[in-house]
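Okay, structure first, notes after.
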Amino acid sequence: MSKISVNGKAQEVERPISITELIKLNNVAQPEMVSIQLNGQFVNRDDFDNTQVAEGDELDFLYFMGGGSF
Amino acid sequence: MDFTEEQIQRYSRHILLQDVGVEGQEKINNGKVLIVGAGGLGAPIALYLAAAGVGTIGIIDGDVVDLSNLQRQVIHFTPDVNKPKVISAKEKINLINPDVKVIAYQKLLTAENALEIIQDYDFVVDGTDNFPVKFLINDACVIAKKPFSHGGILRFDGQTLTYKPGTACYRCLFHSPPPPNAVPTCSQAGVLGAIAGMLGTIQAAEVLKYLTGVGDLLTNRLLTFNAKTMEFRTIKSKPNDNCPVCGSHPTVTGLVDYEQAVCDIESHRKNKNK
């Protein structure tokens, strides 16, 4: 069991998982539209599969927001 | 700059602030700010900057006021329906504060005109509703070394980031525009009207902070909030070395007009034909 934090909230994962798996686990509606920051560093989309999340990691999921004008 | 009695009275609540004072108010009155979009975000931004006495406010928008805008675009009133948004906005700004010089651009910001328009301003505020222009503003401001405020709202959520040369830009966080139609805009997904005011006034406060040099800007921090829970978060960021426009090997070196979501364009056409 690893304790991590996602968007400032504590989360537990049973085994080391990749960012791609973590996105699935969090039911992100449009995974291709989320930016991920791992411990303050942006992770390239191409590296989501091979980046493992470990105990103590802090992740931020950032979503596109478009609105404003019309 | 010598303030008249009337100006001292008008700006007295700023002048009373120890951090602002007469000097800070002078900086505001000498400030030149471009607001891109006279809609949900542009409305509160323009109203507060006008009231604050920002000397020159440029406002760019090619659209006309639609009845569906009035639920949140508080600078436009019912009799303004079908009026160009920049004209409606200019009228209100002048009514609030005749000190303000308003430059209205009744057109869209494009790759062709962006650098030329923004060069005259100290600060640019993104109040647009679509990703192509959000990325255009970012790229133009990074290339021209111009500070700007990014703002986005959707449904019950808002996010904002302030950029100054050397700090994380919008592309550091969001690498490239989503494919058209992949992410809904407000005109497709809806938005709680007051969210526009919540986010727009935060952006206006950032402008005033920038002009006066007071406090810490939302640089290298993305502020996000959800109005359902009223939870606010700031996510610390830093410049991303892989950023396509401000990273060490930039691939974006000029401006491009990205493709717009099809339904957005259609809804614009509909508005224009009304």
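The values are calculated or read from the model by the stated rules, or taken from the named source; none is laboratory data. All of these numbers come straight from a predicted model, not from anything done at the bench. Positions of Cβ are backbone-derived with ideal geometry, glycine not excepted, and every protein chain shown enters the neighbour counts. Just the protein is used for accessible areas: all its heavy atoms, side chains included, with ligands, DNA and RNA removed. Shrake-Rupley method; radii C 1.70, N 1.55, O 1.52, S 1.80 Å.
On the given criteria, is B:Lys90 surrounded by fewer than 16 Cβ atoms within 10 Å (Cβ to Cβ) and among the basic types (Lys, Arg)? It is false that B:Lys90 is surrounded by fewer than 16 Cβ atoms within 10 Å (Cβ to Cβ) and among the basic types (Lys, Arg).
Within the stretch B:150-201, the set of residues being without any contact (Cβ under 8 Å) to a residue 60 or more places away in the chain, crowded, with 24+ Cβ neighbours inside 10 Å and either more than 7 Å from chain A (Cβ to nearest Cβ) or acidic (Asp, Glu) (or both) comprises B:His150, B:Thr162, B:Tyr163, B:Tyr170. Give the residues of the stretch B:1-39 that are within 21 Å of B:Cys141 (Cβ to Cβ) and not in a helix (DSSP H, G or I), sorted by residue number. Listed by number, the residues that qualify are B:Gly31, B:Lys32, B:Val33, B:Leu34, B:Ile35, B:Val36, B:Gly37, B:Ala38, B:Gly39.
So that you can scan it fast, the table gives a plain yes or no per residue for (1) without any contact (Cβ under 8 Å) to a residue 60 or more places away in the chain; (2) within 27 Å of B:Gln25 (Cβ to Cβ); (3) hydroxyl-bearing (Ser, Thr, Tyr); (4) surrounded by fewer than 22 Cβ atoms within 10 Å (Cβ to Cβ):
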| site | (1), (2), (3), (4) |
| --- | --- |
| B:Gln203 | no, yes, no, no |
| B:Leu211 | no, yes, no, no |
| B:Asn220 | yes, no, no, yes |
| B:Ala227 | no, no, no, yes |
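The residues of the stretch A:2-18 that are free of Cβ contacts under 8 Å to residues at least 40 places away in the same chain and either surrounded by 16 or more Cβ atoms within 10 Å (Cβ to Cβ) or away from every other protein chain (no Cβ under 14 Å) (or both), listed by number, are A:Ala10, A:Gln11, A:Glu12, A:Glu14, A:Arg15, A:Pro16, A:Ile17, A:Ser18. Only a single item in (1) more than 9 Å from chain A (Cβ to nearest Cβ); (2) within 20 Å of the chain's Cα centre (by Cα); (3) closer than 30 Å to A:Asp46 by Cβ; (4) modelled with pLDDT of 95 or more is not met by B:Cys246, and it is number (2). On the stretch given as the stretch B:75-97, residues that are over 22 Å from B:Tyr11 (Cβ atoms) and either aliphatic (A, V, I, L, M) or within 14 Å of chain A (Cβ to nearest Cβ) (or both) total 7. Has the stretch B:105-112 got any residue that is open to solvent by less than 10 Å² (accessible area, probe 1.4 Å) and either out of contact with any Gly (no Cβ under 7 Å at 6 or more places or on another chain) or in a loop (DSSP other than H, G, I, E, B) (or both)? No, the stretch B:105-112 contains no residue that is open to solvent by less than 10 Å² (accessible area, probe 1.4 Å) and either out of contact with any Gly (no Cβ under 7 Å at 6 or more places or on another chain) or in a loop (DSSP other than H, G, I, E, B) (or both). Residue check: is B:Val124 within 21 Å of B:Leu218 (Cα to Cα), open to solvent by less than 30 Å² (accessible area, probe 1.4 Å), away from every other protein chain (no Cβ under 13 Å) and touching a Leu at 6+ places or on another chain (Cβ under 7 Å)? Yes, satisfied.
Scanning the stretch A:12-70 for residues that are over 9 Å from the mean Cα position of the chain (by Cα) and hydroxyl-bearing (Ser, Thr, Tyr) gives A:Ser18, A:Thr51, A:Tyr63, A:Ser69.
Taking the criterion of being out of contact with any Phe, Trp or Tyr (no Cβ under 7 Å at 6 or more places or on another chain), within 13 Å of another protein chain (Cβ to nearest Cβ) and either of a type in the set (S, T, N, Q) or open to solvent by less than 10 Å² (accessible area, probe 1.4 Å) (or both), the only residue of the stretch B:132-149 that qualifies is B:Ser149.
Between B:Thr128, B:Thr160, the distinction of being assigned to a strand (DSSP E or B) and polar (S, T, N, Q) belongs to B:Thr160 only. List every residue pair whose Cβ atoms sit under 7 Å apart, with the two residues 6 or more apart in sequence or on different chains, where the first one lies in the stretch B:32-54 and is within 14 Å of chain A (Cβ to nearest Cβ) and the second, anywhere, is open to solvent by 10 Å² or more (accessible area, probe 1.4 Å) and of a type in the set (Phe, Trp, Tyr). From residues that are within 14 Å of chain A (Cβ to nearest Cβ), the pairs are B:Gly39/A:Phe70. Checked against the criteria, B:Leu199 counts as in contact with a strand residue (DSSP E or B) (Cβ under 7 Å, 6 or more places away or on another chain), closer than 19 Å to B:Ser237 by Cβ and among the aliphatic types (A, V, I, L, M). I need the full set of residues from the stretch B:137-152 which are part of a helix (DSSP H, G or I) and more than 13 Å from the chain's Cα centre (by Cα), in order please. Within the stretch B:137-152, B:Asp139, B:Ala140, B:Val142, B:Ile143 meet the criteria.
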